[in-house]
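The values are calculated or read from the model by the stated rules, or taken from the named source; none is laboratory data. Remember, it's a predicted structure, so these values are computed and weren't measured experimentally. Backbone-built Cβ (ideal geometry, glycine too); neighbour counts: all protein chains shown. Please note that ligands, DNA and RNA were not included when accessible areas were found on the heavy atoms of the full protein model with its side chains. Shrake-Rupley method; radii C 1.70, N 1.55, O 1.52, S 1.80 Å.
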Amino acid sequence: MNNHFRFMKATLLVVSLCLSVMMSQLSVAAELQEVDNTIVKMLDAAAIDQNPDGSFTGAIESDPSIEVLFLLVAKELGKDTPELEDEVFHRVFSWKGDDVAWSFRPGGVPSIDVTGIILHGLEKLGINPSDERVAEAWAWFESQGGDDSLNLATVLLLKPIGLSTFKLDELLSPLFFALPQDSEINIWSIGILRNLLIPLIVQQFYAENNIVLPVLDRRIESNGSHLARPKKQRFKLFPLNFWAQEGLGYMIGHQQPDGNWYAFQAAYVNILMLNTVQKRGVYDVSDEIENAWNGMLKVKKTNINNEMFISVSDSTGWDTSRMLMALQSIPESFRDSMVAIENNRKGIDWLLGKQLFNKGDWSNNAPNLRPGGWSFVPDNIWLPDTDVTAAAVEALLSYKIENPYYRPVEMDNAISRGLEWTLGMQNDDGSFPAWDTDNTTYLPLFLSLLSKNPPDIEDVGQPDVTSRIIELLHDIDKVAPEFSSQALRDSIQGACGYLLSVRTQTEPSAWRGDWAVDYLYATGLAASALMVADCWSLSDAEQSLDWIASVQNDDGGWGEDHQSFIVESYVNAPSSAMQTGFIVEGFLTYEELYMEMHNEPSAYRPVLDQAMSYLISTVGDDGRIDEKSHTGVLLKQLWYADYAAVPDIRTINALGRYYKLISE
């Protein structure tokens, strides 16, 4: 009897274990199917959204201060219409809703700078402070310190339209362009800020000086070649006019074929500068003005709420390289259709055709470096950046590994030149900037002399950019030894050293972001890069990952508010696919390495599972993610944006890696 009982008990235990295994297998199968279905939907949507030339482009939507500035330009040029005014006013007031003032995103904490631009702009457009639509906002603005509390970057945007009394010429004049390149502060050492500062200085000079000389053709044709090279021009009779003409030549020479200058803010100050030059009759720039206006019209878009907005920049370089990287992360079985193969190849062909072999602005600080980068804005040949170049090289390398016989000579040359240029842009401290190497570290001091509220606009070492480049360099060293070298391995070690040296003190083993909000985003990327490059062991990464896991939202995603940049510590926000898609990278990397070593899930698998469930939940039936988190950064504490393509790109990338993990 006892033996029979023991037999029945053992049988039930075996059956229970079998059922448990079966249920677990069914659960994994169901999870795989859900991930599979989502990947298929997103790949179908990506194929539809791919441009005919093979590229990918998503709009970049910021706050409505951009549309107010756009309407002011239209009015200045005599291009405004009642219909355009209605579109802008609708966007402005629908964004504010019932809030006291305007924020970086609808429903967010009010921003004095966004509100200041909008209120001053609306007043110039005929909406007085006593108007009931703005009276409360004006009261709030003044209670926060009004114009005295505005950031210098905001003041500089208000200046050329006559909405600020700030005097650049008390501190800066065209003579600033003559400061030699070996001085700590000069036009080539201040990074991308020069694309705002040059036209502002030139505009003010021509607007406020009575003695101006006609501009010489050769000054325009010089494309600013004498900037920061004053020795040969030491004995000019009219130095202010000479340097103003050099600045004008530089900006005309940097106008893109589509009429723009990299981003809306630069296009805005440049078109107003050109208009001042035209009005003063010192040079005929009517064609450039018309081209610039048409360029602005080209980036006039409509969002999911059917509201007009101005896309801040053309992100085709970033979107295409990152999307191709994401597509390569998907298991090959998802990409075996003829359509998928052809679409991927078209994207690679587009990348090969957009590599830049001219010497751009970066060459002033690195004159001996051969060109070979890619630009965020493909039409802008002067400002390739390391982040986009790293993504382009990674996409080409991944494709080459799977398709070794496709355009082999061109592929090898593109990868080699892109890698050479990227390595050559590394700063002495091991970090990577975006556009210029070895920029001055005195820029914050310089800007603080101009204003008590200077912007954070340095293009020096950037932890998020550096993290992404570390992963590229490691991948090359691991899977493509023909492109590797000791210099590359030394570069990785230098970059890791930089990352470890710039951890914050306010959060445990965390980093600050440059191009998205903020601690969580940068920490996920940095932890991933350090693990991938063997600069950190898995246990080294656990303090960072534990902290990120501790602030995971109940829905499985992560969110962080723009206020983190202001209070300099983590501020929670509702989850967004934009942020979660970046943050989850640290957990994916940890899990991949852990599984490789132990052949079983890590303790972080539940965190990862919840995050992936959240990302899947954000994907619509059409295979796209429609959200407006506005957590992309244009200028910290001031200008933020919604990068329309990024949530989809990051989610596709994460799903591809996750699918491989759970299918093992």
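Restricting region 454-469 to residues that are outside any loop (DSSP other than H, G, I, E, B) and of a type in the set (D, E, K, R), which is nearest to L193 (Cα to Cα)? So, considering only residues that are outside any loop (DSSP other than H, G, I, E, B) and of a type in the set (D, E, K, R), the one nearest to L193 (Cα to Cα) is D464. A single member of V532, V571, V551 is open to solvent by 10 Å² or more (accessible area, probe 1.4 Å), free of Cβ contacts under 8 Å to residues at least 12 places away in the same chain and more than 18 Å from the chain's Cα centre (by Cα), and it is V571. Just to be sure, is S130 among the small types (G, A, S), surrounded by fewer than 21 Cβ atoms within 10 Å (Cβ to Cβ) and in contact (Cβ under 8 Å) with a residue 24 or more places away in the chain? No; evaluated as a whole, the condition is false for this residue.
This table checks each residue for (1) open to solvent by less than 10 Å² (accessible area, probe 1.4 Å); (2) free of Cβ contacts under 8 Å to residues at least 40 places away in the same chain.
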position: N303; (1), (2): no, no
position: S321; (1), (2): yes, no
position: D336; (1), (2): no, yes
position: T389; (1), (2): yes, yes
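Every test in (1) in contact with a helix residue (DSSP H, G or I) (Cβ under 8 Å, 6 or more places away or on another chain); (2) at pLDDT 95 or above; (3) open to solvent by 20 Å² or more (accessible area, probe 1.4 Å) is passed by E83 save one, and that test is (1). Within region 130-180, the set of residues being over 30 Å from G224 (Cβ atoms), outside any helix (DSSP H, G or I) and not basic (K, R) comprises S130, D131, E132, V134, Q144, G145.
For region 359-381, indicate whether the set of residues that are of a type in the set (A, V, I, L, M), within 22 Å of I470 (Cα to Cα), in a loop (DSSP other than H, G, I, E, B) and modelled with pLDDT of 95 or more is non-empty. Scanning region 359-381, I find at least one residue that is of a type in the set (A, V, I, L, M), within 22 Å of I470 (Cα to Cα), in a loop (DSSP other than H, G, I, E, B) and modelled with pLDDT of 95 or more, so the answer is yes.
When I112 is tested against (1) open to solvent by 20 Å² or more (accessible area, probe 1.4 Å); (2) hydrophobic (A, V, I, L, M, F, W, C); (3) in contact with a strand residue (DSSP E or B) (Cβ under 8 Å, 6 or more places away or on another chain), just one condition goes unmet, and that condition is (3). Tell me, yes or no, whether region 136-143 has at least one residue that is surrounded by fewer than 19 Cβ atoms within 10 Å (Cβ to Cβ) and aromatic (F, W, Y). Within region 136-143, one or more residues are surrounded by fewer than 19 Cβ atoms within 10 Å (Cβ to Cβ) and aromatic (F, W, Y).
Among all residues of region 581-594, there is none that is open to solvent by less than 20 Å² (accessible area, probe 1.4 Å), among the acidic types (D, E) and under 17 Å from the mean Cα position of the chain (by Cα). Annotation: G372 fulfils all but one of (1) open to solvent by less than 30 Å² (accessible area, probe 1.4 Å); (2) over 21 Å from S485 (Cβ atoms); (3) among the small types (G, A, S); the unmet one is (2).
Residue selection: S544 fails the criterion of being at pLDDT 95 or above, open to solvent by 20 Å² or more (accessible area, probe 1.4 Å) and among the hydroxyl-bearing types (S, T, Y). Residues in region 348-358 that are closer than 13 Å to P378 by Cβ and assigned to a helix (DSSP H, G or I) were compared, and the one that is most open to solvent (accessible area, probe 1.4 Å) is G353. Here K628 does not fit the description of being of a type in the set (D, E, K, R), crowded, with 18+ Cβ neighbours inside 10 Å and at pLDDT below 95. Does N403 count as more than 23 Å from F582 (Cβ to Cβ) and open to solvent by less than 30 Å² (accessible area, probe 1.4 Å)? So N403 does not fit the description; no. With respect to L175, is the statement that it is open to solvent by 30 Å² or more (accessible area, probe 1.4 Å) and touching a His at 6+ places or on another chain (Cβ under 8 Å) true? Taking the combined requirement at face value, the residue does not satisfy it.
Filtering L227, L248, L193 for residues that are surrounded by fewer than 24 Cβ atoms within 10 Å (Cβ to Cβ) and modelled with pLDDT of 75 or more leaves a single hit, L193.
Of L227, L272, L324, L248, all but one fail to be within 25 Å of S375 (Cβ to Cβ), in a loop (DSSP other than H, G, I, E, B), in contact with a helix residue (DSSP H, G or I) (Cβ under 6 Å, 6 or more places away or on another chain) and aliphatic (A, V, I, L, M); the exception is L227.
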